[in-house]
Amino acid sequence: MTPVSSKLYADDVSLLMVLIDTNPFFWNSAQSTLPFSKFLTHVLAFLNSILLLNQMNQVVVIAAGYNSCGYIFDSSDPQNQNKRAEDLLHKLEEFVDNDQELCREESVDGPGFSLLSGSLSMALCYIQRVFRTVPLHPQPRILCLHGSPDGPGQYVAIMNSIFSAQRSMVPIDSCVLGAQHSAFLQQASYITGGVYLKPQIFDGLFQYLSTVFATDLHSRCFLQLPKPAGVDFRASCFCHKNTIDMGYICSVCLSIFCKHQKKCSTCGSVFGQAQTQNSSTTPDRKMKMPVDG
Ligand SMILES: [Zn+2]
Ligand SMILES: [Zn+2]
């Protein structure tokens, strides 16, 4: 991550946007390894340590639920100066209850997905507001505490958020709590210059959070932070939202399709005839996706 010199950053003051996965289906499945209450204990201690590092540091917590997203806590709110933890937990409880009421499906196969795309967009909107209202603003960064598997339907929205964060020079840090790696968050951290980490031992979650994710962007120049072992760069097709190794790309708008289409569903461009399988001519719209680098 190269910090921008053109922006007027206040030195070493951080604006940390923390996205908490509250998908009840995931936390139910993670009950034996990391109960939600224990996770919150680690996170609250971490948030307090961020606020202790610099009295001007700001922490904003956004919950990513199964049906909705919501702002849970903002340390700059004068009402939150006392009883921070109580206020946060109270709001979180309210959010989870409301999120549950929106749940129409009786049963969900597997742990389901949480609205990562929505919470990322909310974080970026908040950061944009800070950029526009305060001339000397803190250095923003986003930390995703995410456990649910990637929701393929959110691929386009998440990639748009990632590119928006990259453009605004906002790094996205990822701490993955689920059993699987998250290809979305691997790409998010890689593209925006954030740190991606999947802790092995959840008993020491606070240690991971405080040693890796509490560091401000200036300090990161001097630290050896975890490097990603590999990033899954595979894309999802726009038609079925499946993760694909090979696909067709619209040469006009770069939409990705798993099968040959007559017309691009995004921009309406009309494609030529499909190349026959054994044709030796160059298939100009067929592109090989980079696989697991
Ligand atoms: Zn498809
Ligand atoms: Zn197109």
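The values are calculated or read from the model by the stated rules, or taken from the named source; none is laboratory data. These numbers were taken from a predicted model, which means no experiment stands behind them. Virtual Cβ from ideal backbone geometry, glycine too; neighbours counted across all protein chains shown.
Does region 228-235 contain any residue that is under 18 Å from the mean Cα position of the chain (by Cα) and within 16 Å of ligand 2 (Cβ to nearest atom)? Yes, some residue in region 228-235 is under 18 Å from the mean Cα position of the chain (by Cα) and within 16 Å of ligand 2 (Cβ to nearest atom).
Remark: pairs (first residue in region 255-273, farther than 21 Å from residue 245 by Cβ; second residue away from ligand 1 (no atom under 15 Å from the Cβ) and part of a strand (DSSP E or B); Cβ separation under 6 Å; 6+ apart in sequence or on different chains) = 263/270.
Determine, yes or no, whether residue 128 is in contact (Cβ under 8 Å) with a residue 60 or more places away in the chain and outside any loop (DSSP other than H, G, I, E, B). Considered against the rule, which asks whether it is in contact (Cβ under 8 Å) with a residue 60 or more places away in the chain and outside any loop (DSSP other than H, G, I, E, B), residue 128 comes out as no. Annotation note: of 173, 203, the sole residue that is acidic (Asp, Glu), buried (at least 18 other Cβ atoms within 10 Å of the Cβ) and not in a loop (DSSP other than H, G, I, E, B) is 173. For region 220-236, taking the residues that are out of contact with any Ser or Thr (no Cβ under 6 Å at 6 or more places or on another chain) and touching a residue at least 60 places away in the same chain (Cβ under 8 Å), the one that is surrounded by the fewest Cβ atoms within 10 Å (Cβ to Cβ) is identified as 230. Count of region 165-192 residues, restricted to those that are out of contact with any helix residue (DSSP H, G or I) (no Cβ under 8 Å at 6 or more places or on another chain) and among the small types (Gly, Ala, Ser), is 4. Scanning region 242-254 for residues that are surrounded by 15 or more Cβ atoms within 10 Å (Cβ to Cβ) and in contact with a helix residue (DSSP H, G or I) (Cβ under 9 Å, 6 or more places away or on another chain) turns up just one, 243. What is the number of the single condition among (1) within 22 Å of residue 162 (Cα to Cα); (2) assigned to a strand (DSSP E or B); (3) at pLDDT below 85; (4) not polar (S, T, N, Q) that residue 292 does not meet? Residue 292 satisfies every listed condition except (2). Taking only pairs six or more apart or across chains, which ones have beta-carbon atoms under 7 Å, a first residue in region 152-169 that is at positive phi and in the same structural domain as residue 188 (by TED's automatic domain parsing), and a second residue that is crowded, with 21+ Cβ neighbours inside 10 Å and of a type outside the set (D, E, K, R)? Matching pairs, first to second residue: none at all.
Being outside any loop (DSSP other than H, G, I, E, B) and either more than 11 Å from ligand 1 (Cβ to nearest atom) or not assigned by TED's automatic domain parsing to the domain that holds residue 183 (or both) holds for only one residue in 230, 247, and it is 247. Within region 255-264, the residues that satisfy the criterion of being in a loop (DSSP other than H, G, I, E, B) and surrounded by fewer than 14 Cβ atoms within 10 Å (Cβ to Cβ) are 259, 262.
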